[in-house]
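The values are calculated or read from the model by the stated rules, or taken from the named source; none is laboratory data. Please read these numbers as outputs of a predicted model, since none were measured by experiment. Virtual Cβ from ideal backbone geometry, glycine too; neighbours counted across all protein chains shown.
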Ligand SMILES: Nc1nc2c(ncn2[C@@H]2O[C@H](COP(=O)(O)OP(=O)(O)OP(=O)(O)O)[C@@H](O)[C@H]2O)c(=O)[nH]1
Ligand SMILES: [Mg+2]
């Protein structure tokens, strides 16, 4: 069982641990004597805290800098005790220590009373998911073991704890230095009839593995050391057995589990939460690091936007619209902060700045934010499945913040589809896609042109359509302005609306491609994640992304509809390239530089690509 | 899930993260119990394979049977071994056993500098090391993924936050990361696991005819055996449960001054 000791600087955390280890006989022989001699040599008083404060700098300043872990036994069980520093400067170390604990002891100095970090630490414990807590009112020797002082702290502090969502199992009066109420009841505190520290520790409940929750199998890697293709990872919640159908998010591929792999262990066809295992699948589907395996009936959310409460530890403040990376389970995605809803001072719960109008979260503050990721991320609510409901934010090279996913109106896309599919069936006609393609002599597909306004998408699309049509191919063009008049007339240009716009176009194009048509789309489609979603709904190879690339200066100089001019003078808001971002494709199937190539050359390149594609597809090579 | 399985699963998770994140990864193998357990865990993590080289820092003063034992396992388990030796210093003879360096200086050149040479030579950016928090107080302050700058220095006053098994895997060019998958194990856990898994151990750990055994293995001149009758893994477990003597009590270099070991570690010692 892991216990973290927290509280304001100098309230006696390290002293408590040193003393507790000593009084319970857990210290290695000679350790205390060694430290007493060292203190004598340096002519400073011996401190119990020196047992924890193993860095010279810590002993010199009588302050803990770094978190430490140490083992000890009670009569009942083994403990790992985690000492956390109380100074505000070292909050990242306190968080590091506390994040792995099952329960906490929170010290308050009776003489100094409740301080800034007494409050902040309690808030952070809650954010880190710790719910078992015992408050120790320390240094009772300095207040003549006065019951009144204890009562005042109990009343004031329990109110604070309630406000951050915690309840303490007890408020034990102690003196860490004198050893009062640590392992036995102290005669100096006859009025205390509650537990000693040791009794309180032994009454804490161990953390149970979340086996009753839905399955979350986090894929760390895919190995091919021998003939087997092993998907390696850890079960973070629920359990798994061979024969289960597992569904991987993001991506949405599923397969049956063929075997559960372990090395030098007794074979076992089931695996439970906490186990690092490997699995093999019956179907050869594409799965990569980061994917979360779930059972079909209870998948995680899979979105590019999530709401979170996060604690910032970075040297630079967290800022709107700056590039960060989010790491959630084994997933990593580029992201930015789309909105900061409010910022809290965790030591007062006071709101910082005007809600909705703050543009940064400073070091040691807590923010409620909307995070937008570049690609879909699978996640859960922290309150439902903690391991896949929390994440860290990386700024440059450093982990700079930690957060939990909080409730919001998340569409349970997969779940909804699943429910609908009970009542909605895909209508299968009597003519199949394959028959259509054989008659057409070429496969259906989506040719997705993406690029800035005035980069040449429509010009190329219409010329391509003309040439393919003349060759007898089935072809059509979906163009930006045309769909905006009907299919998407209810949508504007906010990020959400752009996403929905692309989703609808993608679905229409998919239907057309299913009828064997070469469907050319000509939309700016600025977000990579949106385009990737379309790619994902298409069969492998049937989504051909063509990046129509021209530098913005050239597009702006062309400006056939005068839109750039309007955007520059602020008459149009959210204009791609000017006041809204454009995310170029990472790996487009084709890239055409329209500042270098003419329309004719671009069209020939595309036709060349389609020829190769049709050839790979089969029989009627060269009909395109 | 029992206690040892929990420790094992966590270590496997860490090993797999390291393998995924570092293209140039190596594992230090001292032939001792901890790094041999670590090697066993790697075989568990990678289903019988060890997908990175093992680095053995050979000070030339190791107890000779350690080298024999090492070479035997390399053959049996099909391991890829890299040996690091600080040849210039060995040739110059400026070592503690020659009376030309203090113990701490000697550890500094023959182990720490030798390690740096291997890292530079092979371009390793991730090094897996089998240190544990309970071994020694400064190791109790370690992270699972612990950055070392280009001089191998450990900036213990400003370590990265590490929470929820999200590790520091990005770093400046020239720096490297020490990965510590055994950090959360105790000496007792290690022996309990050796017993459970039946992991082969070098005989030096078991009591000999003279009633002596090694509790911690290092260089011959600086490591003394302890008096003990423990002849089997089970005996060692019983002995440890009853004992309160620290594990590294037989290691002389830790004791030269109050912060001798801390200084060594800040400079890049394991
Ligand atoms: N009189 C008295 N002094 C105490 C008691 N507990 C701790 N102290 C003293 O308070 C000072 C700070 O104690 P530490 O244990 O270092 O405090 P800490 O909470 O670990 O401090 P940080 O880790 O730096 O946040 C030391 O000088 C201790 O001797 C107590 O019960 N009574
Ligand atoms: Mg302290």
Some residue of region A:139-154 being surrounded by fewer than 20 Cβ atoms within 10 Å (Cβ to Cβ), more than 27 Å from residue A:190 (Cβ to Cβ) and in contact with a helix residue (DSSP H, G or I) (Cβ under 9 Å, 6 or more places away or on another chain)
no
Against the conditions (1) surrounded by fewer than 23 Cβ atoms within 10 Å (Cβ to Cβ); (2) touching a strand residue (DSSP E or B) at 6+ places or on another chain (Cβ under 7 Å); (3) under 15 Å from residue A:400 (Cβ atoms), where does residue A:315 fall short? Just the number, please.
(2)
Across region B:1-21, the tally of residues that are more than 10 Å from every other protein chain (Cβ to nearest Cβ) and within 19 Å of the chain's Cα centre (by Cα) stands at 2
Report yes if some residue within region B:156-177 is modelled with pLDDT of 90 or more and away from chain A (no Cβ under 12 Å); otherwise report no.
yes
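Looking at B:142, B:187, which one is farther than 23 Å from residue A:91 by Cβ and at pLDDT below 95? Give the derivation first.
Working: B:142 fails: farther than 23 Å from residue A:91 by Cβ.
None of the other options fit; the residue is B:187.
Do you know which residues across region A:52-63 are near ligand 2 (Cβ under 10 Å from one of its atoms) and under 18 Å from residue B:265 (Cβ atoms)?
As a first pass, look at region A:52-63 and keep what is near ligand 2 (Cβ under 10 Å from one of its atoms): A:52-53, A:58, A:62-63.
Correct list: A:52, A:53, A:58.
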When region A:5-51 is checked residue by residue, the ones that are touching a strand residue (DSSP E or B) at 6+ places or on another chain (Cβ under 9 Å), farther than 21 Å from residue A:142 by Cβ and within 16 Å of ligand 2 (Cβ to nearest atom) are A:21, A:51
Between A:351, A:282, which is free of Cβ contacts under 8 Å to residues at least 60 places away in the same chain, in contact with a strand residue (DSSP E or B) (Cβ under 6 Å, 6 or more places away or on another chain) and not assigned by TED's automatic domain parsing to the domain that holds residue A:220?
A:351
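Taking residue A:175, is it surrounded by fewer than 21 Cβ atoms within 10 Å (Cβ to Cβ) and either assigned by TED's automatic domain parsing to the domain that holds residue A:271 or farther than 30 Å from residue B:7 by Cβ (or both)?
Values: surrounded by fewer than 21 Cβ atoms within 10 Å (Cβ to Cβ): no; either assigned by TED's automatic domain parsing to the domain that holds residue A:271 or farther than 30 Å from residue B:7 by Cβ (or both): yes.
No: the conditions fail for residue A:175.
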From the options A:498, A:542, residue that is in contact with a helix residue (DSSP H, G or I) (Cβ under 8 Å, 6 or more places away or on another chain), modelled with pLDDT under 90 and crowded, with 16+ Cβ neighbours inside 10 Å:
A:498
Can you name the residue in region A:129-148 that is in contact (Cβ under 8 Å) with a residue 60 or more places away in the chain and away from ligand 1 (no atom under 11 Å from the Cβ) and is also farthest from the other protein chains (Cβ to nearest Cβ) among such residues?
A:134
Quick one: would you say residue A:112 is out of contact with any strand residue (DSSP E or B) (no Cβ under 7 Å at 6 or more places or on another chain) and touching a residue at least 40 places away in the same chain (Cβ under 8 Å)?
yes
Selected residue (criterion: nearest to the other protein chains (Cβ to nearest Cβ)) from residues of region A:74-85 that are within 11 Å of ligand 1 (Cβ to nearest atom) and in contact with a strand residue (DSSP E or B) (Cβ under 6 Å, 6 or more places away or on another chain)
A:83
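At least 3 residues that are farther than 16 Å from residue A:446 by Cβ and within 26 Å of the chain's Cα centre (by Cα) in each: list the helices (runs of 4 or more DSSP H) lying fully within region A:469-557 that qualify.
On the way: elements: A:480-485, A:495-514, A:528-537.
Fully inside region A:469-557 and qualifying: A:495-514.
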Answer residue from region A:86-101, given it is within 12 Å of chain B (Cβ to nearest Cβ) and closer than 21 Å to residue A:172 by Cα and is nearest to ligand 1 (Cβ to nearest atom) among those
A:98
Out of all the residues in region B:22-35, which are within 30 Å of residue B:223 (Cα to Cα) and more than 14 Å from chain A (Cβ to nearest Cβ)?
B:26, B:27, B:28, B:29, B:30, B:31, B:32, B:33, B:34, B:35
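Matching residues to (1) touching a helix residue (DSSP H, G or I) at 6+ places or on another chain (Cβ under 8 Å); (2) more than 14 Å from chain A (Cβ to nearest Cβ):
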site: B:48; (1), (2): no, no
site: B:52; (1), (2): yes, no
site: B:56; (1), (2): yes, yes
site: B:66; (1), (2): yes, yes
site: B:94; (1), (2): yes, yes
site: B:112; (1), (2): yes, yes
site: B:124; (1), (2): yes, yes
site: B:147; (1), (2): no, no
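Can you spot a residue in region A:204-214 that is more than 14 Å from chain B (Cβ to nearest Cβ), under 15 Å from residue A:137 (Cα atoms) and surrounded by 19 or more Cβ atoms within 10 Å (Cβ to Cβ)? Spell out the reasoning first.
Taking region A:204-214 and keeping what is more than 14 Å from chain B (Cβ to nearest Cβ), we get A:204-205, A:212-214.
Narrowing further to those that are under 15 Å from residue A:137 (Cα atoms): none.
No: zero hits.
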What do you reckon, is residue A:299 away from chain B (no Cβ under 14 Å) and at pLDDT below 95?
yes
Output for region A:45-70, where each listed residue is away from ligand 1 (no atom under 11 Å from the Cβ) and over 12 Å from residue B:137 (Cα atoms)
A:57, A:60
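If only one of A:393, A:404, A:326 is within 11 Å of another protein chain (Cβ to nearest Cβ) and within 23 Å of residue A:119 (Cβ to Cβ), which one is it?
A:404
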